[in-house]
Every structure is written in C-alpha cells, then in structure tokens.
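Encoded as structure tokens, the structure appears first; notes follow it.
We did not get these values from a lab; they are worked out from the coordinates using the rules stated. Treat the numbers as computed from the prediction; the structure is a model and nothing was measured. Here the Cβ positions follow ideal geometry from the backbone for every residue, glycine too, while neighbour counts run over all protein chains shown.
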Amino acid sequence: MANVRLVRNAVGGALIAALVMVAGCSGLSLGGPSQQLYTLTPKSTFPANLPTVDWQLAVDRPSSPAGLATTRIAVIRGAHRIDYYAGAQWIDDAPNMVQRLLIESFENSKAIIGVGRESVSLRSDFVLRVELREFQAEYQEGVEAPKVNVRINAKLVRMPQRRIIASTTVERVIASPDNKIHSIVDTFDQALGKVLRDIVVWTVTRPETQE
C-alpha cells in the first residue's frame, strides 16, 4: 500500500505542477471543473467460423488529420467547422487509443498467432497500415443529438517486401439517443466496435495472405 500511495502522490504532484504552469502561461485561475476522462472498449465477439491464421501481424499507429490527433472529443458543426466538447476528453489521443483497441480486438478474436505494435520487436509477416479518417460527433441543423462517424482505412502490407496486397475502408455512422456526453461516448463505442470487428475479420480472411 505504501508504494501505491507514493505513486499516487508522485502523479498528483506532477499533475499539479503541470496545471500551475498552464495557469501561469495562460492567465487562467485554478479551481475550475476537471476534465472527465473517457475510454472505449475493444471488440470481443466475432463470427464462430473465423479462421485461425499462422502468421504474425504488426499494427501501425494510425495516421489522422491534425484535428483528430488529440485527446479532445471532436465535434463537427456544419460543413467546415470542427470543435471539441468542453469538460470531456479521451484517456489517450485518438490514434493511440484506436491502435491499442485494434490490437486488443485481434487478440480477443484468437484468430492470429501474434499481433502487436509495429514499434515493438515483432518479426511480423504483415503490417496493417491504418488511417483514421473520421472520428467525431456530427450535428445536423435542427437535430439536438449528434451522429457519431467512425471511418478507418486499412492497408495490409506484406513483409519484408513492403508491398500493399489489400486495402479497405470501413465506416459506421450511428445516431446517439440523446445529447448527453455519456450517451455520445457509448455511441462512439458502438460505432468503433463495429469498425474494429470488420477490420479484424477482413484482415484474417484475406486470400492474399495465403499466397
């Protein structure tokens, strides 16, 4: 328990120091409402007939537009305006979070012998290049609750040739039941979960991986 308390004190001290620095630079006072942190879940249910493959896969950190490469939860209002929800943010920036959840989804499928980040020492047979193209709540004029749009492009690259052998884009747009942040985050979880599931199934069933 002593170690736990020390870790908490260290983290708390670092957090306070960071807040003081931000307040000093911006002129803002401390004591405002804290950010509520949210995370999403990996996919855990897959078709019973999903094949098992004997090759290893490295998952690249997703690329994304600068407006999505953040811990803030993105909002689109109108055709050209991007904003963010106040008082709420992801536990990690969106590309890192999506990479982690995609790897965990592959692991949960039990269809692949080995999967991990491309940056780790994994002698992969294939690399999955990922692009996070849409990851935001979208408001339409006259509608109070938003729709959540998640769109990911994936390219399967054969190693060591580094040759793209297949590519797909998966998108899900799901309406939130209301305009509460908890409901909107739940809708993100549903939309991303469906996209992750489709990418896992698409990847392990590619006939090109058998060549």
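Rank the residues Leu196, Leu132, Leu50 as a footprinting-exposure proxy: fewest other Cβ atoms within 10 Å of their Cβ go first.
Ranked by crowding around the Cβ, least crowded first: Leu50, Leu132, Leu196.
Starting with the fewest neighbours, write out Glu134, Glu141 ranked by other beta-carbon atoms found within 10 Å of each beta-carbon. Intermediate values should be presented prior to the final figure.
Numbers: Glu134 20, Glu141 6.
Fewest-to-most ranking of Glu134, Glu141: Glu141, Glu134.
With a ≥ b ≥ c the root eigenvalues of the C-alpha gyration tensor of region 162-211, is it rounded (a/c under 1.5), prolate (a/b larger than b/c) or oblate?
prolate
Between Rg and the Kirkwood Rh of region 35-210, both from Cα atoms, what is the Rg to Rh ratio? Show your work: numbers first, answer last.
Details: Rg = 16.6 Å, Rh = 16.7 Å.
On the Cα set of region 35-210, Rg over Rh gives 0.99.
Within a 10 angstrom radius of the beta carbon, how do Thr45, Thr71 rank from fewest other beta carbons to most?
Thr45, Thr71
So, counting K/R as plus one and D/E as minus one, what does the shell of residues with Cβ under 13 Å around Lys180 add up to?
Working: positive: none; negative: Glu144, Asp178, Asp186.
The answer is -3.
Cβ neighbours within 10 Å, averaged per peptide: list 98-109, 158-169, 174-185 in order, most packed at the top.
Working: 98-109: 20.7, 158-169: 12.5, 174-185: 15.7.
Packing order, densest peptide first, comes out as 98-109, 174-185, 158-169.
Along the Cα-to-C-beta direction of Val143, a point sits 7 Å from the Cα; which residues of region 193-207 have their amide N less than 20 Å from that point?
Counting only backbone N, you get 193-195.
Expressed in nm to one decimal, what extension gain is obtained for the pair His182 and Ile91 from 0.36 nm per residue of sequence separation less their Cα-Cα distance?
Residue separation times 0.36 nm, minus the Cα-Cα distance, leaves 31.3 nm.
Sticking with the crude label model, points 7 Å out along Cα→Cβ, report the distance from Thr52 to Glu104 in nm, one decimal please.
The modelled label-to-label distance comes out at 2.4 nm.
Along the Cα→Cβ direction, 7 angstrom out, place labels at Val173 and Arg81. What is the inter-label distance in nm?
So the two model labels end up 2.0 nm from each other.
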